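**Q** I'd like to ask some things about the structure below.
Derivation of every value follows stated rules applied to the coordinates shown; laboratory data play no part. Everything numeric in this text was worked out from a predicted model, so none of it was measured. Cβ sites come from the backbone with ideal geometry, for glycine too, and all protein chains shown count toward neighbours.
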Amino acid sequence: MIEISDLPAFNATLNSISFVLLLSGYFCMKKGRIQAHKRFMISAFGVSVLFLASYLTYRFCGEEKRFGGQGWIRPVYFVILITHVILAATVPVLASWTLVLGLKGKLDKHRRLARWTLPIWLYVCITGVMVYVLLFRLYGPAA
């Protein structure tokens, strides 16, 4: 059974899976594989919804962790964290809107919005993993 303390690693895994699904969907679209693109993007959305539920569970039920790194890594960590949090707040809206436009066949609008959504979503996925690695694996939480 998964414990609350396991959720950060689980969340980083979900972010990694979303990242791979998003890139796979993008490359399928570039190759004209529309159905595969659609399946990958819907899957990425589903994994991200699962991530959001898991992340919120951890935020409300888990212990708050403070970054324990010192020196040059501290400002680097906080730049990554702050940009991650700000952009992460936009992903549910952007991803939902982009998905709906694609599913409704409004492809011109879908394409225009996806040009913004994809890089933001990818950045949020990869920086989420980076925050996890820095906070829980490399430097650990502050005492």
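**Q** Expected output is a single nm value to one decimal: the length gained when fully extending between Val49 and Val93, i.e. 0.36 nm times separation in residues minus the C-alpha distance. What is it?
**A** So the extension gain works out to 14.7 nm.
**Q** Would you mind getting me the FRET efficiency between Arg39 and Val133? Use the beta-carbon distance for r and R0 = 25 Å, nearest 0.05. Kindly include the intermediate steps, with their values, before the conclusion.
**A** Details: r = 29 Å, r/R0 = 1.17.
The computed FRET efficiency comes out at 0.30.
**Q** Distance in nm between label sites at Ala143 and Tyr123, each 7 Å beyond Cα in the beta-carbon direction?
**A** So the label points at Ala143 and Tyr123 sit 3.7 nm apart.
**Q** If each residue of separation counts as 0.36 nm, what is the full-extension length gain between Gln70 and Lys30 once their alpha-carbon separation is subtracted?
**A** On the way: separation 40, 0.36 × 40 = 14.40 nm, distance 4.29 nm.
Full extension from Gln70 to Lys30 adds 10.1 nm.
**Q** Quick check on the chain: what does the Kirkwood estimate of hydrodynamic radius come out to from the alpha carbon pairs, in Å? Write down the numbers at each step before the final one.
**A** Working: mean 1/r = 0.0622 Å⁻¹.
It works out to 16.1 Å.
**Q** Take each complete run of DSSP H in the chain, measure how far its Cα atoms stretch along the helix's own axis, and keep only those covering 30 Å or more with mean Kyte-Doolittle hydropathy at least -0.5; list them. Could you put the intermediate results ahead of the total?
**A** On the way: long enough: 7-30 (34 Å, 1.12); 34-61 (40 Å, 0.86); 107-132 (36 Å, 0.43).
Correct list, ordered by number: 7-30, 34-61, 107-132.
**Q** Shifting gears a bit: I want to check a number: in the stretch 1-133, how many lysine pairs have alpha carbons closer than 22 Å, given a sequence separation of 8 or more or different chains?
**A** Value for the stretch 1-133: 10.
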